[in-house]
Structures are given as C-alpha cells and as structure tokens.
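All remarks here apply to the structure that follows.
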Amino acid sequence: MMPKAKLKAQKQTRAAELVQPLPEGGAWVTRARDAALARWSDMGAPLKRDEYWKYTDPRALIAEESLQADLLDTGSEAPVFDAFDRVKLVFVDGVFDAAASDALALDGVELELLADATKADLHWAREVFGTLEARAQSPVERPLASFNTAYATQGVLIRVTGTPAKPISLIYRRSAEDADAMLHHVIRVEAGAEVTLLENGPLAARSNTVIEAEIGEGATLHHIRSQGRDHARLSAAHIFVRLSAGAQLKSFTLTVNGALTRNEAQVWLDGADGSAHLAGASVGDGAFHADDTVFVAHNAPGCESRQVYKKVLRHGAVGVFQGKILVDRLAQKTDGYQISQALLLDEDAQFLAKPELEIYADDVKCSHGSTSGEIDSTQLYYLRARGIPDAEAKMLLVLAFLAEALDEIADTELAGDLRDRLEAWLQRHK
Amino acid sequence: MLKIENLHAELEDDSEVKILKGLSLTINPGEVHAIMGPNGSGKSTLSYVLSGRDGYEVTEGSATLEGADLLDMDPEERAAAGLFLAFQYPVEIPGVGNMTFLRTAVNAQRKARGEEELSAGEFLKIIRAKAKDLQIDADMLKRPVNVGFSGGEKKRNEILQMAMLEPKMCILDETDSGLDVDAMKLVSDGVNALRDAGRSFLVITHYQRLLDHIKPDVVHIMSEGRIIKTGGPELALEVEHNGYADLLAEANA
C-alpha cells in the first residue's frame, strides 16, 4: 500500500494541473470561489485509491482531453415530464438558453441565474453557496464538488418563500458531442414553504453538478431527477441538503444508460423531527456504471430517514452503492432505514455495495439491508402458469422490483411518467 | 378432456429421485376427479409437471389436453390452452397489484387464443361481480398479489383467478389446506359455481372433508407415483375411516 503522504502529494499534483484562473465575479462569490479552490488544491484530485472511489474510477471525470459521446436520437419520444405544467429553464451543453426557457417568474419563488447573481457584491446565496459544499467535505472528501464551486459559472438560484403552483423544471440538452459542463444550483426553501424541483436530460458529454439546498423549518423540497439516457456520457452529480426542524426532503434519481454516473448525496438533519428520503432507480445494459454514494447525518432528535436504491443490471453493467447513516449522540429517537438491491439479469452484471451505520445515540431504530439476486423463479412460474408470456412476466417482476424506489416520489403522476420510461426501456432491452 | 398415460417423471437435478412412476388417468368433460394419497406419493409433483414448472424431467409417457400435447408447451401456452392450477402455496409478488396481474393474465390468454382483449372498463365490471361472490373486497384487489393475505384470502384469490380465466381443466392442489370451515365452504361454493358440462376438475387432497363440499365423480388413490385404486365417492369415505394402510397393503399384495 502506498504511504498516505505520497498518495496525498500525488492527488495534489494532479489537482494543481487542473487549476486555471478563477472566473470574474463580485465580492461574495469571489470569496467563495477562492476558498473552494484552496480546498481543491489541499485535498487534491480524487484517485481510485481513495476509500470511496474504490469501486468507481474517477480518472475519466478529470481527464484533460475532451470526451466524445454520441448524441442520442430519441426520435419522436416526448422528453420526461413533458406532459406537466412547469416553469422550464433550459440548459444546452450546460449553458442557459434564454430563448428556449420560460420567463424567470413564478409566484412564491425568486429565480435568478448564477451568472447574474455573481455580478453583485452581496447576495443572499452567499450563506449557502460553497458553504454546504465545504461542510460536505467531512467525513468524506468530495474534491470534485469544490472544483465545481470554484469554476462553475452556470446554474440557478432559487429562493422559495411560498408554495408555487407548479414545479421548477431544469431541462438539460446536448448539442455538442464533446462538451464539458458544470452547473451549480442553490436552493433556499424558507420556513413553511414547499417546492418541487425537476431535472431531466443529459447535461453534456461530461458533467459535474452541485446542488446546495437549505430547507427551513417545516418546509419541504421535492427533488426528482432523470439523468437522460445517452450512452457514453460521464456524470458526477452532488446534492448537499441541510434540513431545519420539521423540514422534509424527498429526492429521487432515475439513471438510465450512461457510461459513468456518480451521484453523491450528503444530507444533514440538523433540526428535530426532520425527514429525509433519498431514492434511486438505475437500469443499465452493457457499458454502464452507476454509483450512488449517499450519506445521511442525524444531528437532532426525532428525525426519520430512508435510503432506497434499486438497480437492474445486465451484460456487464456495474452498479455501486455506498450508503451511510450517521447518528450523532444527540439524535435520540432516530428512525433510519437503508436498502440497496440489485437485480442481476445475467451472470456478467455486477453489484458492489458498501452499506454502513455509525451510531452514537442509544435510543434509535436503524435498519439496513443489501441484496443482489436474479428474478425469482417461483414468481416467474406463477405468472406464466396464469398465461402471462415469459418476457412480459419478467418485465412485470422487474418493474415490481423498482417500484419501492419509485414509491418514494410523492406525486404519483410524476412517478407514473418515470415508470412508463422504465417500462419502455425494458421493452427495448428484452 | 385430460388424458395422462404411463407418465414417468424425476427430478431434473437428480435422476435418482423418481417421483411419477407410470401414472395413468383420464378425465372426461364435466367430470370431477379427486386424487387422495399419503404424503410423498407425488400428488403435488403431478400438478407441477402438468402445469410446466421447472425442475422435473418427464422420461416416459404423455399428457394431453383435448388431444394437444401438454408436455410440449410452455407454462403460459398450457394456461392459454385451458389448464389452470390452483396452487397449494399461492406465491406472493410484492410490487405487482392484484388487479394488474389479473388483467394482464386474462388479456394475455385472450390474445394467445386470438380473442379480443378486454378493455379496462369491461374487466372491472366482471371482476367486481366475481370478487363479490368470493367476498373479496376492493382493498384485496388493489394490494400486491397475495402479499399480506391470510391463508384463506390466498385460496379465495386463487379461485377468483380461476373464475376470471375460465379454464377448461382445473387442478386444485390441496386447496383445503389452511382453511377453516367457513373459508372451506366459501372456496367450495366458488368451485361449484364453475362446474359445468364443458369444464373438468382434478381435486388433490389429503382429506375427505373437502369432498363433502365438492362432490367428485371419481376418486383415485395415489401411492409411490401411481394410481393404485380408482372408485366412486365411497373410496374417499373408506380412506377417512380406515386410513391408507389397508389400501396400500392391498396394492402391494
């Protein structure tokens, strides 16, 4: 094994190679970017030798040469969430497209582009931007997020003061085969407010995104993300969320295809009686690697959390789950649940799981489980004995397997849209 | 209707374990036959082999449904041809709604037979009426297949499936196991309501009591993979009073 100091030096050297001049901006953002760049330089770039990169090689995510990823022709298929009334903000190759977007106006919400906000010297976002990312560097370092804070110039700032009538929808489209994109979104849901944030589409050939969200007392954030289905694209996505007392988070991610996906989440339940549900469904056939790395920290009493991750894999597809529930000694009456499961449709597919519990309080209820297996032959026989053909019966069972994750979406119509997409994918990959 | 001749079957994984050893049986349209026999005589295996479950190898003999070779068909083809097995242990399927499951099954069979599929509305109308007869409430129809159902609910759900699929040949594998007196009556009434001149039944059971409710035309005694005696309903009463010992001794004599 390589000595720690030598590994660190190697990481720092790699990080230094990627340093460029910081983007121009007002005082608040320059301070945040300077600090993020310092974190990046100190932590260094991620390497496969890092404990939480053991199952996913970060090299391609930080390689200097640009990446070629074919654009997927989805034909006449309507994009995800197309049927729903929402405020649409479109990013093409990671750059805001005003002409394709709706006006930045919605009752109960202040919407602003990061590119505009960074011109000011003072902004409400300074309390969140880079702050949650900095906090998320412990207990596990996430240098790619610091790199994002330092260099991202695109994104949306969302301050929710009421309960808007429709979701805010971030739509990602690609036009170049070799684009790199970095987005940084900041969300503050003020006390008692409630909002739904949708994200859909492939961002770029290679992307690095950060969402930092503050959920105020008794407020709710619904976050539903569908990461497109382009095949060769690489994506590193981070979501960092701090919840106040009685706040609620429901975050769901659908990952279909994609050569490399690393979805990191860090959630802090800082106030009593908060609730955080994180869920994901991934399906991959062939060159597919989907990694969910999820940390939920219970720092206050009476909070509840769930992590529900389901992966369907075949033809060499790889699924990774690294999940941790951390319970502080103050967080009595914690109710924590974590499940990660993979359905392996053949012998070439692989699921790597690292479920962890770290509990310092004595009066808590925490359970976790991780399984991988194939389609249950008894269930399959039962369905076939009722006349359901083999392929159709298998699809029913695969969708049933994914259902527990989709059930974490509060809006059943939005969940139904994603379920239909999964069914169509399964039809194509019979 | 169902004709089984000299059927031999063994475990696929272990050809030393021979379970059916030359079983023959003919059931005419409209008839109700019962098979009784001690544990391990191969009754459930017979139902699995007929419905096409993996894990068994047929080494000799034949089984035909209205002249069509059952053993050559996939399980779903046997179902579409009109064969139905009411399971001894109905399978739980989390994540699949009971209603979705039934509509998919009904329409898959109709499609396989070249019939028009039922619309959601037509299906709903039919299932509501049939569910009511079996005292199956709307909640049970909505819940995932058999998940959290009591033993009696699972068996009633099997009979509901049978009523919806309207098979020609129904095999009931120990449908009485785990049922109390009231549930047995309900299930039997469901079965009896389906009896008609074009539909046959094979009722597999340990006990005579189910046959008080579902009156058989013919009773077979099975032992060590074969039918050792065939008679009328009085044969079931004989088993009830004297057990299998005398019959087995007689067969081995």
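Side notes on the structure shown:
- Just one of the listed residues (B:Val91, B:Val17, B:Val58) is surrounded by fewer than 18 Cβ atoms within 10 Å (Cβ to Cβ) and touching a Ser or Thr at 6+ places or on another chain (Cβ under 8 Å), and it is B:Val91.
- Only residues that are open to solvent by less than 10 Å² (accessible area, probe 1.4 Å) and touching a helix residue (DSSP H, G or I) at 6+ places or on another chain (Cβ under 7 Å) were counted in segment A:311-348, giving 2.
- Each residue in segment B:175-227 was checked for being within 21 Å of B:Ser51 (Cβ to Cβ), among the β-branched types (Val, Ile, Thr), open to solvent by 10 Å² or more (accessible area, probe 1.4 Å) and modelled with pLDDT under 90, and 0 pass.
- Positions within segment A:372-395 being more than 7 Å from chain B (Cβ to nearest Cβ), among the small types (Gly, Ala, Ser) and touching a helix residue (DSSP H, G or I) at 6+ places or on another chain (Cβ under 8 Å), in sequence order: A:Ala393
For every residue, the table says whether it meets (1) among the hydrophobic types (A, V, I, L, M, F, W, C); (2) more than 7 Å from chain A (Cβ to nearest Cβ).
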{"site": "B:Pro75", "(1), (2)": "no, no"}
{"site": "B:Phe84", "(1), (2)": "yes, yes"}
{"site": "B:Pro94", "(1), (2)": "no, no"}
{"site": "B:Thr104", "(1), (2)": "no, no"}
{"site": "B:Ala108", "(1), (2)": "yes, no"}
{"site": "B:Arg113", "(1), (2)": "no, yes"}
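- Among the residues of segment A:396-416, those identified as assigned to a helix (DSSP H, G or I), more than 10 Å from chain B (Cβ to nearest Cβ) and surrounded by fewer than 21 Cβ atoms within 10 Å (Cβ to Cβ) are A:Thr412, A:Glu413, A:Ala415, A:Gly416.
- Wholly enclosed strands (runs of 3 or more DSSP E) of segment B:150-253 bearing at least 2 residues within 16 Å of the chain's Cα centre (by Cα): B:169-173, B:200-204, B:218-223
- Top-ranked residue in segment A:45-101 [being over 20 Å from the mean Cα position of the chain (by Cα), under 25 Å from A:Arg14 (Cβ atoms) and free of Cβ contacts under 8 Å to residues at least 60 places away in the same chain; ranked as surrounded by the most Cβ atoms within 10 Å (Cβ to Cβ)]: A:Leu47
- Residue that is nearest to A:Tyr52 (Cα to Cα) [pool: residues in segment A:111-147 that are charged (D, E, K, R) and loosely packed, with under 15 Cβ neighbours inside 10 Å]: A:Arg135
- For segment B:22-55, filtering for residues that are buried (at least 18 other Cβ atoms within 10 Å of the Cβ) and outside any loop (DSSP other than H, G, I, E, B) leaves 17.
Okay, residues lined up against (1) closer than 18 Å to B:Glu31 by Cβ; (2) aromatic (Phe, Trp, Tyr); (3) free of Cβ contacts under 8 Å to residues at least 40 places away in the same chain:
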residue	(1), (2), (3)
B:Asp180	no, no, yes
B:Ile204	yes, no, no
B:Pro216	yes, no, no
B:Ser223	no, no, no
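- Remark: pairs (first residue in segment B:20-34, farther than 18 Å from B:Tyr48 by Cβ; second residue among the hydroxyl-bearing types (Ser, Thr, Tyr) and assigned to a strand (DSSP E or B); Cβ separation under 8 Å; 6+ apart in sequence or on different chains) = B:Asn28/B:Ser200; B:Pro29/B:Ser200; B:Gly30/B:Ser200; B:Glu31/B:Ser200; B:Val32/B:Ser200.
- Looking across segment A:342-371, the residues that are under 19 Å from A:His429 (Cβ atoms) and in a strand (DSSP E or B) come down to A:Ala342, A:Leu343, A:Leu344, A:Gln350, A:Phe351.
- B:Glu122 being more than 9 Å from chain A (Cβ to nearest Cβ), in a loop (DSSP other than H, G, I, E, B) and open to solvent by 10 Å² or more (accessible area, probe 1.4 Å): no
- Residues located in segment B:98-119, provided they are small (Gly, Ala, Ser) and open to solvent by 60 Å² or more (accessible area, probe 1.4 Å): B:Ala112, B:Gly114
- Close pairs (8 angstrom Cβ cut-off, 6 or more residues apart or separate chains): without any contact (Cβ under 8 Å) to a residue 12 or more places away in the chain in segment B:91-105, of a type outside the set (Phe, Trp, Tyr) anywhere: B:Thr100/A:Leu396; B:Thr104/A:Ile388; B:Thr104/A:Glu392; B:Thr104/A:Leu396
- Close contacts from segment B:41-59, counting a first residue that is on the phi > 0 side of the Ramachandran plot and away from every other protein chain (no Cβ under 14 Å) and a second that is open to solvent by 20 Å² or more (accessible area, probe 1.4 Å) and in a strand (DSSP E or B), with Cβ to Cβ under 6 Å and a gap of 6+ residues or different chains, come to B:Gly42/B:Ile19.
The values are calculated or read from the model by the stated rules, or taken from the named source; none is laboratory data. In this text the structure is predicted, and so the values were computed from the model without any measurement. Don't worry about glycine lacking a Cβ; one is built from the backbone with ideal geometry, like all the others, and counts go over all protein chains shown. Just the protein is used for accessible areas: all its heavy atoms, side chains included, with ligands, DNA and RNA removed. Shrake-Rupley method; radii C 1.70, N 1.55, O 1.52, S 1.80 Å.
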